[in-house]
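The values are calculated or read from the model by the stated rules, or taken from the named source; none is laboratory data. Values in this document were obtained by computation on a predicted structure and should not be read as measured data. FYI the Cβ positions are ideal-geometry reconstructions off the backbone, even for glycines, and counts take in every protein chain you see.
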Amino acid sequence: MSQQDIVDAALSAVRSEPRIGPHFRPQRLELDGQGVMTVEAEVQSVAQKRLALERLAATPGVVGIVDRMHVTPATHMADDGVADHLRRRFAEELAFRNLTIMERRLGQLELVRASADGCAGEIDFEVEDGIVTLDGAAPSLATKRLAGVMAWWTPGVRDVINGMAVEPPEEDAPIQVEEAVKLALEKDPFVDAGQIRVGARGAVVRLTGLVKSKGMRETAEADAWYVFGVDDVINDIEVRA
């Protein structure tokens, strides 16, 4: 297959995904001579971004992806506004009480809040063009994943790049993903987490249970997609008023 044949096959694979559809039109979709595909696109949700990346990566002839795909935010906000929300969100989160919170501005790290009871790690964040980059060191995978979810919750965010290290290192597993999704649902004030059950097989999450509104069902699914490492979400939650 030629490079263009591979690009065409990749684009067809993405458009054939029902949750994305034929209207996916990337600004750039190119394959270099080493099989690395670069994609630039605006999509409507994290679900569409993750699904598109999965379909592109699974295309025969593609050996790597350069991801420049961003989510169109429901609320547009300047970087200063996004950063202000993140400062408050991270500083007030009880699960981050033992973490130092730092913000990178103009290439320099500035202290947002020191850890309260002995430093167990550090969250360094930066906001540029609506893209949040997370660095630093988390004491657990759950902490790293929660920081990513909370960044996605912030108005105006177009993408989250979660480069936090986990120290000491932990081996990832489906149970870790499952627990991270449960934690995200418990932290979300718009979700009745007690009515939702979470299961994970590999990187695929399945949600079941009974909620009172379609909005809560959709919010629960979005929270699952926000968790770092989730490749697909099967939403079997029922709605009963």
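Can you work out which of the residues in segment 161-214 that are part of a loop (DSSP other than H, G, I, E, B) and buried (at least 18 other Cβ atoms within 10 Å of the Cβ) is nearest to the chain's Cα centre (by Cα)? Applying the filter and picking the extreme gives 164. Annotation: of all residues in segment 44-57 being over 13 Å from the mean Cα position of the chain (by Cα) and over 18 Å from residue 30 (Cβ atoms), the one that is surrounded by the fewest Cβ atoms within 10 Å (Cβ to Cβ) is 44. The set of residues in segment 114-154 that are of a type in the set (D, E, K, R) and either in the same structural domain as residue 179 (by TED's automatic domain parsing) or modelled with pLDDT of 95 or more (or both) comprises 122, 124, 126, 128, 129, 135, 144, 145. Of all residues in segment 77-111, those being out of contact with any helix residue (DSSP H, G or I) (no Cβ under 6 Å at 6 or more places or on another chain) and in a strand (DSSP E or B) number 10.
Does segment 29-70 hold any residues that are assigned to a loop (DSSP other than H, G, I, E, B) and either in the same structural domain as residue 130 (by TED's automatic domain parsing) or in contact with a Phe, Trp or Tyr (Cβ under 9 Å, 6 or more places away or on another chain) (or both), and which are they? Selection gives 45 alone.
Apart from one condition, residue 95 fits all of (1) in the same structural domain as residue 159 (by TED's automatic domain parsing); (2) under 17 Å from the mean Cα position of the chain (by Cα); the exception is (2).
Is it the case that residue 148 is surrounded by 19 or more Cβ atoms within 10 Å (Cβ to Cβ) and touching a helix residue (DSSP H, G or I) at 6+ places or on another chain (Cβ under 8 Å)? Answer is yes for this residue. Return the pairs, sorted by first residue and then second, in which the second residue is hydroxyl-bearing (Ser, Thr, Tyr), the first residue lies in segment 228-241 and is touching a residue at least 24 places away in the same chain (Cβ under 8 Å), the beta carbons are less than 7 Å apart, and the residues are 6+ apart or on different chains. Going by the 7 Å Cβ cut-off, the qualifying pairs are 236/208; 237/208; 239/213. Within segment 78-102, can you find the residues that are farther than 17 Å from residue 155 by Cα and surrounded by 19 or more Cβ atoms within 10 Å (Cβ to Cβ)? The answer is 96, 99, 100, 101, 102.
Scanning segment 215-241 for residues that are part of a loop (DSSP other than H, G, I, E, B) and of a type in the set (Phe, Trp, Tyr) yields one hit, 228. For segment 133-156, the set of residues classified as touching a Phe, Trp or Tyr at 6+ places or on another chain (Cβ under 6 Å) and not basic (Lys, Arg) consists of 134, 148, 149, 152, listed by residue number.
Name every residue in segment 1-25 that is part of a loop (DSSP other than H, G, I, E, B), in contact with a Pro (Cβ under 9 Å, 6 or more places away or on another chain) and not hydroxyl-bearing (Ser, Thr, Tyr), in order of residue number. Hit for segment 1-25 is 1, nothing else.
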